[in-house]
Amino acid sequence: MVLKVFFPSCCSSAESGILIGRWISEQNSAVILAVVHFPFIPVQVKQYLSELQRVTKVNVSVLGSWNNSKQEKEESLSEFLEDLGTIFSHEPWIQISKEGDSKFWSCSTLQKRSNNHREEEIILVYYDQRKVMLSCLHPPLDTAASTAQEAEDASRLSAIFDTVAKSKVLFMTDKYDDGPIKLTHWQSDGVEASIIVELMKQASVPACMLLTFLLSLISGACKSRMLKFWPLSFLWSKLSTCEQLAHRLQHLQVISSNKKAQNQTQLMRKANIFVSLLIDVALGILLMSWLYRKNRIGHLADTLIPVADHVAEELQDLLQWLMGAPAGLKMNRALDQVLGRFFLYHIHLWISYIHLMSPFIEMILWYVGLSACLGLTVALCILSDILALLTFHIYCFYVYGARLYCLKIYGLSSLWRLFRGKKWNVLRQRVDSCSYDLDQLFIGTLLFTILLFLLPTTALYYLVFTLLRLLVVIVQGLIHLLVDLVDSLPLYSIILRLCRSYRLAAGVKFRVLEQQDGKPLRLLMQINPLSYGSVVQTYRLPTYSCYPKDSWASLCKKLFLGELIYPWKHKGEKQD
């Protein structure tokens, strides 16, 4: 059976000593974690390893000996290293020797029971201990498509990565410690640390406590009974700005929580939320500084009224065109004139309302611009709500046209069932047979004829205003798509993948270093990082969505039947 020895590349220049690590019997593999070099006392080594096992929950033991001799191999040192196998009870006893400046190492195993060297195929795998410890191995995303062999390989790699990651306590000792045991590992020359990071850790504790207190006050205010009464509850549920503020409030509560992250996923989620909030606020402050520079707020307010007047004039021209002979179609003149004048009156009311608000628009925009300091997403949501308010007359036209069209469609469908001797059973939610007398059939025929000939006029108004409504919804959808992109994009994970790709490991690859007869095969284990698409898919943050999750078929059906689409109305039970 092939014996695989995972040897840290940082220990290749270590002085002679013993190898400590974990033996994985299921894989016939040995994961070397460090080299304990001379001088040492075996009893102290055993005590140190037992304490290490208690802390890390990893079965760390002495696996063999390491001989690094720059001169000719001494027979006495070789015999001494073999005799160490009688003190430390582990089988097989692995012996690795590096002779001078030779590229080829000798590696053998010693069976204590037979007391001889057993010649078996050995593969010596070098790995970067720092990268393996700091990386997080991700399982295959498509578990259904992955084969059993791939799942088994992933579990084997996970055992190696977990062994190194859980032995973090072992790597916290360096050569400057006064302990009786001297180790060689990736931090033996000095433990990595950053003064800035340590200062930020110390400052984050009071900052999180203060933020938690402020958030508790805000959450208490948001849950008060005042917001549960109409119309505050209605506005809170319909305005996208309120939804975004509530979403960001949840993010702040996650960041300021003093509960420690239980696993890598929770830690990455907190980091992604923190970076997302930081970049969102930074972009919002940039937007705010741009708006208040060179009196852009005043220019925007001066442009808004003419634009609103121009839109109203275009709508009036459109209604005048519909009241005539649109595209050469002959409409019902009476109904056409009633609908046209009705909608023209609404436009007149809307123009009066805009001009009434015109003296206050600059002041409103000035205060609204200050909200950009809460983040770019909040500013975009406010823009979406302002667009919804400015196009409220278009929404009213759409609702009137949709309701009138829907009434005629359902009336025609009900009268069509009357001709066939059918009726809709409301209690059982099905179509049943029914017998009608002559008067009912006469009235049904008369109503069916009237509704059928009035349908083209109503359908034309409904079609025009539905297209205008869909145009507004598409613009709002693009704004919300940008908001969802900022909210859900795992920016920290993407930056980590760009700068330190080994932290997000998808697997490993092996490169052959040296191969010679009579010598162990030497491989170099390299980490394969996750692709950017997999990073986004794995660490994507959840977002809120105001839009109903309708399919294209369901949306087309609603448009054909005249049912209202986002955001005010959802379809209920079918009634006749």
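The values are calculated or read from the model by the stated rules, or taken from the named source; none is laboratory data. Remember, predicted model here, so these are calculated numbers, not experimental data. Heads up, the Cβs are rebuilt from the backbone with ideal geometry, glycines too, and the neighbour counts pull from every protein chain shown. Areas reflect the complete protein model, heavy atoms only, side chains present, ligands, DNA and RNA absent. Shrake-Rupley method; radii C 1.70, N 1.55, O 1.52, S 1.80 Å.
Observations on the model:
- Residue match in region 247-260 (condition: farther than 30 Å from Pro42 by Cβ, assigned to a helix (DSSP H, G or I), touching a Ser or Thr at 6+ places or on another chain (Cβ under 9 Å) and at pLDDT below 70): no
- Meets criteria (closer than 30 Å to Arg497 by Cα and open to solvent by less than 50 Å² (accessible area, probe 1.4 Å)) for Ser289: no
- Check on Ala388, of a type in the set (A, V, I, L, M, F, W, C), open to solvent by less than 30 Å² (accessible area, probe 1.4 Å) and in a helix (DSSP H, G or I): no
- Condition check for Ala327: open to solvent by 40 Å² or more (accessible area, probe 1.4 Å) and at pLDDT below 85: yes
- Hits in region 470-514 - residues which are part of a helix (DSSP H, G or I) and over 27 Å from Gly533 (Cβ atoms): Leu470, Leu471, Val472, Val473, Val475, Gln476
- Count - residues of region 175-202 that are within 21 Å of Gln129 (Cβ to Cβ), at pLDDT 70 or above and not basic (Lys, Arg): 10
- Some residue of region 535-557 being part of a loop (DSSP other than H, G, I, E, B) and touching a His at 6+ places or on another chain (Cβ under 6 Å): yes
- Selected residue (criterion: modelled with the highest pLDDT) from residues of region 165-174 that are of a type in the set (A, V, I, L, M, F, W, C) and more than 14 Å from Lys57 (Cβ to Cβ): Phe171
- In region 471-510, residue surrounded by the fewest Cβ atoms within 10 Å (Cβ to Cβ) [restricted to those that are touching a residue at least 24 places away in the same chain (Cβ under 8 Å) and over 27 Å from Leu283 (Cα atoms)]: Phe510
- Residue check for Phe88: in contact with a strand residue (DSSP E or B) (Cβ under 8 Å, 6 or more places away or on another chain) and either open to solvent by less than 70 Å² (accessible area, probe 1.4 Å) or at pLDDT below 65 (or both): yes
- Of the candidates Leu481, Leu390, Leu441, Leu380, the single residue that is modelled with pLDDT under 85, under 30 Å from Gln244 (Cα atoms) and out of contact with any His (no Cβ under 7 Å at 6 or more places or on another chain) is Leu390.
- Restricting region 350-374 to residues that are touching a residue at least 40 places away in the same chain (Cβ under 8 Å) and over 16 Å from Tyr292 (Cα atoms) leaves a set whose member that is most open to solvent (accessible area, probe 1.4 Å) is His355.
- Pairing residues of region 258-285 that are free of Cβ contacts under 8 Å to residues at least 40 places away in the same chain with residues that are open to solvent by 80 Å² or more (accessible area, probe 1.4 Å), at Cβ distances under 7 Å and at least 6 apart in sequence or on separate chains, gives Ala261/Leu267.
- Contact annotation: residue pairs with Cβ atoms under 6 Å, 6 or more positions apart or on different chains, pairing a residue in region 37-62 that is touching a residue at least 60 places away in the same chain (Cβ under 8 Å) and closer than 16 Å to His90 by Cβ with a partner that is of a type in the set (D, E, K, R) and assigned to a helix (DSSP H, G or I), are Val58/Lys166.
- Answer from Leu446, Leu454 - the residue that is out of contact with any strand residue (DSSP E or B) (no Cβ under 6 Å at 6 or more places or on another chain), hydrophobic (A, V, I, L, M, F, W, C) and without any contact (Cβ under 8 Å) to a residue 60 or more places away in the chain: Leu446
- From Leu555, Leu559, Leu470, Leu513, residue being more than 30 Å from Lys408 (Cβ to Cβ) and among the aliphatic types (A, V, I, L, M): Leu513
- Per the conditions (1) within 30 Å of Leu485 (Cβ to Cβ); (2) of a type outside the set (S, T, N, Q); (3) modelled with pLDDT of 85 or more, the sole criterion not satisfied by Ala308 is (3).
Yes/no per residue for (1) surrounded by 12 or more Cβ atoms within 10 Å (Cβ to Cβ); (2) at negative phi; (3) not in a helix (DSSP H, G or I):
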site: Val431; (1), (2), (3): yes, yes, yes
site: Ser435; (1), (2), (3): no, yes, yes
site: Asp439; (1), (2), (3): no, yes, no
site: Phe442; (1), (2), (3): no, yes, no
site: Thr449; (1), (2), (3): no, yes, no
site: Phe453; (1), (2), (3): no, yes, no
site: Thr458; (1), (2), (3): yes, yes, no
site: Leu463; (1), (2), (3): yes, yes, no
site: Leu468; (1), (2), (3): yes, yes, no
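- Condition check for Cys396: touching a helix residue (DSSP H, G or I) at 6+ places or on another chain (Cβ under 8 Å) and more than 17 Å from Leu463 (Cα to Cα): no
- Number of positions in region 408-429 that are assigned to a loop (DSSP other than H, G, I, E, B) and open to solvent by 50 Å² or more (accessible area, probe 1.4 Å): 5
- Considering only residues in region 32-55 that are part of a loop (DSSP other than H, G, I, E, B) and in contact with a Gly (Cβ under 9 Å, 6 or more places away or on another chain), the one that is most open to solvent (accessible area, probe 1.4 Å) turns out to be Phe38.
- Any hit, region 514-529, residues being in contact with a helix residue (DSSP H, G or I) (Cβ under 6 Å, 6 or more places away or on another chain) and not polar (S, T, N, Q): yes
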